[in-house]
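Remarks on the structure that follows.
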Amino acid sequence: MLPNLSSLKTDALSQLEQIQSPDDLPVWYRAWLGRKGHLTEALRGLGGLSAEDRPKAGQQVNQLKEELEQAFQARQEAVKNLALAASLAGGALDITLPGRPLQGGHLHITTRTLRKIRQIFGEMGFQVYEAPEVETDETNFGLLNIPPYHPARDMWDTFWVDDGVVLRTHTSPGQIRCMREYHPQPIRVILPGKCYRYEAITPRSEHQFFQVEGLAIGRNITMTDLIGTMREFTLKMYGESRRLRLRGSYFPFTEPSIEIDMDCMICQGKGCRVCKHTGWLEVGGAGMVHPVVLENGGYDPGEWTGFAFGMGVERPAMLHHGIEDIRYFYSNDLRFLHQF
C-alpha cells in the first residue's frame, strides 16, 4: 500500500505542475481528489489491509490528501497570476493614443443666476451685503413688525434651533442689520442668501432656497423709484420685450406693499401650466419700508423713506430656461446640471 501512495503523490504533483490554463484545474481536481478520483480509490482499498496496517495507511492517505489540497490551492493562485500577466502583456496600453477628455467643472445654475442678478443691480449702484443664515427670533420676526401674536407668522413655516434662534425664513432680517450698521447714511444694497422653511417639497417649492433682498433708504425716496428699479431689473433679466403689471399685496415690513408680475415667457401671455393659465408670472414682492421697521433700524421715518424688495433665485432660472421642477436644482443629477 505505502509504495502505491508514494507513486500516486508523484504522479499527481507532476500533472498539477504541467497545468497552465485555469480550465484544466477542475479536471485535475476531479481526477485526483473527486468522489471517483485516484485518492478516493486508494481509501477504499484500505479495507483489504490487516487490522495492524490499516490505521497507519489511513493516516498517510489523509496526509497525502491534505498535501494535494494545499498544492492545488497554490497552483490555482499561480495559474491565475499567469493568466493575468498574459492578459496584461497581450493588451498593453498604446501610449500614442489620445486620452479620454475629462469634463471640467462649472458653476451651478443657481450661482450663475445669482451672479447675473448681482451684475444687474450692481449697474444700478447696489452693493452686496452679507447677512447670517441663523437669526434670532427678534431679528427674523419682531423687528420686522411681526411680533409673537401677529397672524403674519403663519406665512412662514419655521425651522427652530431653540426657543429664540431660527434658520432665517427670508432674507429680510438683513435689513435691520444693514440699517443699524450704516445709520445714519443712505443705503442701497442687495442681500443675497439661502433661506429655510419647513414646507413640503413640490415641483414649485423646496425647504431651502435662495433669495435676493433689496433695500434702498434715503431722503425723498418714493414708490416710483421702486417701480422704476424693478422695471429696469426685469427688462435686463428677461428681455426688453417683457410687459409688467403691479398688484397690491401685504407684507408686514412694507407699507404700501405690491407684487410685480411679468407676462409669461413660456406661453407669451396666452396661459400655460407654468403660469397657472393666467398669462402672468410673479417676479417678486416689494413695497415702501414700514415706518416701524425704519425706527427699529435707527432711522427717523419723518426724515427718511425707503423701499425694499425680495425675489427668489431659482424662479428666475426656471423662467429663463423653461424649467418646470425646482427639485432638479439640488438633486445633483449631472444630466440636468451639465446643461448649464
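The values are calculated or read from the model by the stated rules, or taken from the named source; none is laboratory data. Quantities reported herein were computed from a predicted structural model and do not represent experimental measurements. Neighbour counts run over all protein chains shown; Cβ positions are idealised from the backbone, glycine included.
Condition test on TYR182, is it among the hydroxyl-bearing types (Ser, Thr, Tyr), more than 28 Å from the chain's Cα centre (by Cα) and in the same structural domain as ASN296 (by TED's automatic domain parsing)? Spelling it out, TYR182 is indeed among the hydroxyl-bearing types (Ser, Thr, Tyr), more than 28 Å from the chain's Cα centre (by Cα) and in the same structural domain as ASN296 (by TED's automatic domain parsing).
Taking the stretch 92-182 and the strands (runs of 3 or more DSSP E) fully enclosed by it, the elements with 2 or more residues that are at pLDDT 90 or above, among the hydrophobic types (A, V, I, L, M, F, W, C) and surrounded by 18 or more Cβ atoms within 10 Å (Cβ to Cβ) are at 165-167. Screening LEU226 with (1) of a type outside the set (Phe, Trp, Tyr); (2) in a strand (DSSP E or B); (3) in contact (Cβ under 8 Å) with a residue 60 or more places away in the chain gives one miss only, at (2).
Of all residues in the stretch 264-319, which are charged (D, E, K, R) and crowded, with 20+ Cβ neighbours inside 10 Å? GLU314, ARG315, listed by residue number.
If we keep just the residues of the stretch 184-195 that are loosely packed, with under 14 Cβ neighbours inside 10 Å and of a type outside the set (S, T, N, Q), which is farthest from VAL128 (Cα to Cα)? The extreme case among them is PRO184. Residues in the stretch 146-165 that are closer than 30 Å to ILE221 by Cβ and within 29 Å of the chain's Cα centre (by Cα): MET155, TRP156.
Taking the listed residues TRP304, TRP280, the one that is among the hydrophobic types (A, V, I, L, M, F, W, C), more than 30 Å from PRO147 (Cβ to Cβ), modelled with pLDDT of 85 or more and in the same structural domain as GLY193 (by TED's automatic domain parsing) is TRP280, with no other qualifying. When the residues of the stretch 207-228 are filtered to those that are farther than 15 Å from VAL289 by Cα and surrounded by fewer than 20 Cβ atoms within 10 Å (Cβ to Cβ), the one that is modelled with the highest pLDDT is GLY228.
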